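Data first, discussion second: the structure below is written as C-alpha cells.
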Amino acid sequence: MKSTEIREKFLKYFEERNHKIVPSTSLIPQDDPTLLFTNAGMNQFKKLILGLEKKDYNKAASSQKCIRVSGKHNDLEEVGKDTFHHTFFEMLGNWSFGDYFKKEAIIYAWEFLTEVCKLPKEKLWATVFTEDDESEKLWYENTDIKKGRVLRFDAKENFWEMAEVGPCGPCSEIHYDRGKEYSCFKPDCGVNCGCGRVIEVWNLVFMQYYRDENGKLTDLPSKTVDTGMGFERLTALLQNVDSNYDTDLFQPIIRKTEEISGQKYKNSPHSESFRVIADHIRALSFAIADGAIPSNEGRGYVIRRILRRAARHGRLLNLHKPFLFELSSIVVKLMGEVYPELQAKKEHVALVIKSEEERFGETLDSGLELFEQVAEKVIKKGEKVIPGEEAFKLYDTFGFPIDLTQVMAGEKNLSVDMAGFEKELEKQRALSREGAKTIEVGFSIPIEFTSTTSFVGYSDNKAKSKIQNIFVDSKDIDEFTKGTQGYIILDRTPFYAESGGQIGDEGYLVGGRGKAKVLNTTKSNSVIYHHAVGEEGSLKKGEEIEAIVDLERRRSIMRNHTATHLLHKALREILGEHVHQSGSLVESDRFRFDFTHFKALTEEELEKIEYKVNQKIWENLEVNTFNTTLDEAKKLGAMALFGEKYEDTVRVVEIDDYSKELCGGTHVKATGEIGLFRIISEQSIAAGIRRIEAVTGKSAYELVKEEEKTLEGLYNILKVKREELGTKVAELLENSREMEKKVKQVEAGGAREKIKELYKNAFELDGVRIISYKEENGSREGLLSLADALRESLKSSVGVFATVSDDKLSFVASVTDDLIKRGIKAGDIVKEVAKLTGGSGGGKPHLAQAGGKDITKLDFALSQVPGIIKKMLSGVH
C-alpha cells in the first residue's frame, strides 16, 4: 500500500464517522510562544482543549506536520543511528472535544488497524494506565483483542499531561510485535522494552482530569480524546519493510543520494549518513517552506544545525559541493500534492538551502583550521583527549555536530571529553530556558470572562456601543476615570485591532460624562481590547458611548495596506514567482514588507517595481472585498500568507483583476486614493529574506519635497544647474579616487622604506630575521601596510607590529611564504604576543591581527617575540 493511500484511508475513515478533516497547520506556531516548532497534532487544538475558543465541530482528524528537535523531544542527535527516530514526521490523529470518549476511541483505533489496514490481530498489544480499570474493561468488551494482551503500566508510560498544571489523563497505547528476529533476547523482552521488536503504533490520550498547583486531580466538565499515530512507522508496517527509511517516503531521496554520491545505501559503512540526509532534507524543506530561515538563534539556529549535520554526513559520502538543495526537489515531488506550500516555495527552499550549504563550506574550513590547532596542542602535550570546551566551541561557533568532531579526533587516535562537552551544552540550554521564561503572553483575565466584540469598522469609522468590561491591572472594574490606564471592551466597535501586520486604530470613546483616548487596539480570540487612558470625567460599565476612530490616521494606514498588495504583486511579476510575503508592518506614516528573495535588488529592479506600483495607482483600479470559503479562495487564485492560520471562511481583497489576497485589513476603495508610492530602502534581514520600506500619500509627497530641498542645496554649494549635477558629482568622485590612490602609493612607499630600515637592525635566529616594532600614534591600516611591505620586500622574515590608538592596543603579524613552510604561522605568533597583554587574536598563516588590553605590557610583549619564534622553530626541528 502506497503511503499516499495510507494517509487518504485514515482521513476518509474518520470523515465517514463525521469528523471534521482539519488541514495541517504550519510548522511555525503562530500563537504559542512556548514552542519553536509544531511538535504534535494537538498543538493547533490547544485553545479548544483549554476552553479558550470554540469551533463549529466537536470531532476532528488530521495529518499534522511535526518537527521534534529540542526541549523534551530532542531527537536530533539520535536521527540516523536507528531506523525510527526522525526530526520531521507526520502525526495522524483524531480528536473528540466533549463528544465521544474512551469506548469509541478504542473501537475506532482497533477497527482502523485491523479491518482497514489489515494488521494481524495476533500481533497487536494494548497498554493502559495502572489505575485505569475502565479502559482495560472497554478493550476486552468492545474489541476481539486476545485475552492477556492488555497490559498495565505506570504513569511514566501511560499518563499524559499538557503541563504541570492543566488538563491531563490516562492513555492507552497500541503496540505491534514485529517478531522474534527483532528481539534483544532479554528475558523480559516485550512491550516497552525499547529494543525494536514491539513498537508503539498509536497513542490514545483520555483527558479527563485537571491537575491544580497542589497536584490535586478533579474531573473535567468536558472530556477530550487526543490521539496520535506516527505516519512513517505505520507506513513501514503496512509496506512490510524493516525500517521507516525503506518506505516510499524515504527511498526516492536515498536513491537520489546514491546517484549523486556514487555510493550504495544497503550494507554500507555509511548507511547512517544516508538516513541522516534523507530525514534532514525533509525537515529542512518543510520548515523553510513554512517560513523558517537558518540563523544564529531560536528556530533558525535549529534549522542551521540540521542543515550542517546533513552537510557533514554528505562529506562522509565524498560530497564536498552543495548537494542538499538538489534533494529538496525530490521532497517536493513526493509530498507537494498533499502539501501545496512545498510546490509553491520550491525555488525559495532550494535557494535557501544552497546558500546555507555554501556558507557552511566557508565556515567548515575555518572550523577545520581550529580543530587542527587544538589537536596539534593536545598531541604536543602528549595527551589523547580533545577538551570538552574546545569541542563545544566547534559545535557552537562553527556549527560542527559533535559526532563530526569525534570522527575527526578518531582519525588522529584522539577522543573527545564528552562530559566536558555536555557540561558546556547544559550551560547553553540553561540560558535558553532562562530566556524562554521572559516571554510575555498577555495579561490575565477571569476564567469566567465571556465577552465578545462585533467589528463594524470595514463600513463605519464611528459607532454607538455599549461598554461590556473595563480591565485595570487585570481586574474587572465598573468605572474608568480620568488618568486611568487600562482596557475597555465594547459590544461593537469600528476600531481595527492589530493583526495581519496592520497596527491597531487610535481614536476616542466618548460618553455622556467622560472621554477616553484609545492608544491602541488589540484582539484575542473574539474579544477586541481598546488600550485607553481616561481624559475627562468617567466612563462606566454598561454605559452607551460613541466609539470614534481617528479617520485621518486610518486613511493613511489604508493607503499603505493596499500598497503592500500592489507591491507584492509587482515583486512577483518583476523578480519571479518564488517571491512570497514573509511578514509586514503597516503603520500610518510608512510600511515595511518582507519577502523571499536571495540577493539584493538592483537599482534597475527597484525602479521597475516602484514604477509598476505607481502605474497601478494611476490606473485607479477598483478595490473590492468579499468573504468565501478557504478552498474557494484558493481556487480563485488568492494569495495566502504561508504559515498563517486561516478559518474556514476567509476575506479576500481583490484589486480589479490585478491582485487577489486573503486579508482581514482595511483598504482604500480605489488605488488612486493611494496618491503616490516611494521606496525608501531595500535590505537583507536574514538569509533569503529581503525587506522593502516604503511610503505613500502625504508621506511620499513630503519625501519628494525633502529630496528637492537637498538637491537645491547641492546646486548652490557646487554652483551648477540641475542638469549639470550628475556630471559634477562624477568629476568630484573621480578626483577623490585619484587622490586616495596617490596617498596609498605614498604610504606604501613609506612602508617599504621603513621595512628596509627595520631590517638592518632585525634580530636574527637560525636564518630568520625577526622584526618587532611599535609605531607611535599609528593606525591599524599603517600596521597592515608594514606587514604587506615585509612580505613584498623580504625573504625568511617575521614581523610583529604594534600601535596604541584611542587607548586601544593593536597587533599585526606577518610571515614570508618560505617560513610558513617551516611551520611558522602569523596567527600563532600574534596570539601568543597578544596574550601577554591580556588580549587575543588570530588569522591566517601569512597575516594575522590581534587586540591587547594592558598597554603597560606592550614593550615587554614585543621583547618576547624572538623567544616565541625560537620555541616554534625548535618545535618544528
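Details
- Protection-proxy order for peptides 835-845, 347-357, each taking the mean of Cβ atoms within 10 Å per residue, highest first: 347-357, 835-845
- 15 Å tail of the calculated P(r), the stretch 664-753, as % of Cα pairs: 77
- Peptides 816-829, 743-756 ordered by average Cβ neighbours within 10 Å, highest first: 816-829, 743-756
- FRET E, pair E131, D242, Förster distance 45 Å, beta-carbon r, rounded to 0.05: 0.75
- Pairs with C-alpha atoms separated by more than 25 Å, drawn from the list K741/K853; K774/K844; K9/K123; K156/K216, are K741/K853.
- Put a plus charge on the Cβ of each Lys and Arg, a minus charge on the Cβ of each Asp and Glu, and nothing anywhere else: the dipole of the stretch 461-595 about its Cα centre is then about 240 debye.
- Correct choice for Rg and Dmax of the Cα atoms in Å that was computed from the model, options [x] 33.5, 101; [y] 36.0, 115; [z] 32.9, 106: [x]
- Toward the positive end of the charge dipole of the stretch 553-636, with +1 on the Cβ of Lys and Arg and -1 on the Cβ of Asp and Glu, the farthest Cα among L571, N620, I557 is that of I557.
- By the rule of a C-alpha distance below 15 Å, with chain neighbours fewer than 8 residues away ignored, the aspartates and glutamates paired with K381 are E372.
- Pairwise label distance in nanometres, L732 with E712, each label 7 Å out on the Cα-Cβ vector: 1.9
- Surface share of carbon and sulfur [accessible, 1.4 angstrom probe, percent] for the stretch 674-823: 49
- Reachable aspartates and glutamates, given that their alpha-carbon falls under 13 Å from the alpha-carbon of K121 and they are not under 8 places away in the same chain: E111, D144, D177
- Per residue, the stretch 710-817 exposes 63 Å² of accessible surface when a 1.4 Å probe is rolled over the protein heavy atoms with every protein chain present.
- Gap separating the Cα centres of the stretch 710-759 and the stretch 782-827, nearest whole Å: 29
- Restricting attention to the stretch 223-347, the count of lysine pairs at 8 or more positions apart or across chains with alpha carbons under 21 Å apart stands at 10.
- Counting lysine pairs in the stretch 501-610 whose alpha carbons fall under 26 angstrom apart, excluding pairs fewer than 8 residues apart on the same chain, gives 10.
- Given K377/K423; K46/K427; K118/K147; K186/K412, the pairs whose alpha carbons are separated by over 27 Å: K46/K427; K186/K412
- Selection from Q64, V116, H86, by position along the positive dipole direction of the stretch 49-172 (Cβ): V116
- Averaging the sequence gap over all C-alpha pairs within less than 8 Å and six or more residues apart, then dividing by the number of residues, gives the stretch 779-877 a relative contact order of 24 percent.
- Mean separation of Cα pairs under 8 Å and 6 or more residues apart, divided by the residue count, gives the chain a relative contact order of 6 percent.
- Rg over Rh [alpha-carbon atoms, Kirkwood Rh] for the stretch 750-791: 0.98
- Linear extension gain, I477 paired with R178, 0.36 nm per residue minus alpha-carbon span: 101.4 nm
- Summarising the strand pairing of the chain, around 85 percent of its internal DSSP beta bridges are antiparallel.
- The chain: DSSP helices with Cα axial extent of at least 27 Å and average Kyte-Doolittle hydropathy no lower than 0.5: 271-289
- Dipole size of the chain about its Cα centre, with +1 on Lys/Arg Cβ and -1 on Asp/Glu Cβ: approximately 1660 debye, rounded to the nearest 20.
- Pairwise centroid distance, computed over Cα atoms, of the stretch 108-162 with the stretch 611-676, Å: 51
- Listed peptides 606-616, 550-560 by packing density, highest first (mean Cβ within 10 Å): 550-560, 606-616
The values are calculated or read from the model by the stated rules, or taken from the named source; none is laboratory data. The structure presented is a predicted model; accordingly, all values stated were derived computationally and were not measured. Neighbour counts run over all protein chains shown; Cβ positions are idealised from the backbone, glycine included. In case anyone asks, the SASA skips ligands and DNA or RNA and just uses the protein heavy atoms, side chains included. Shrake-Rupley method; radii C 1.70, N 1.55, O 1.52, S 1.80 Å.
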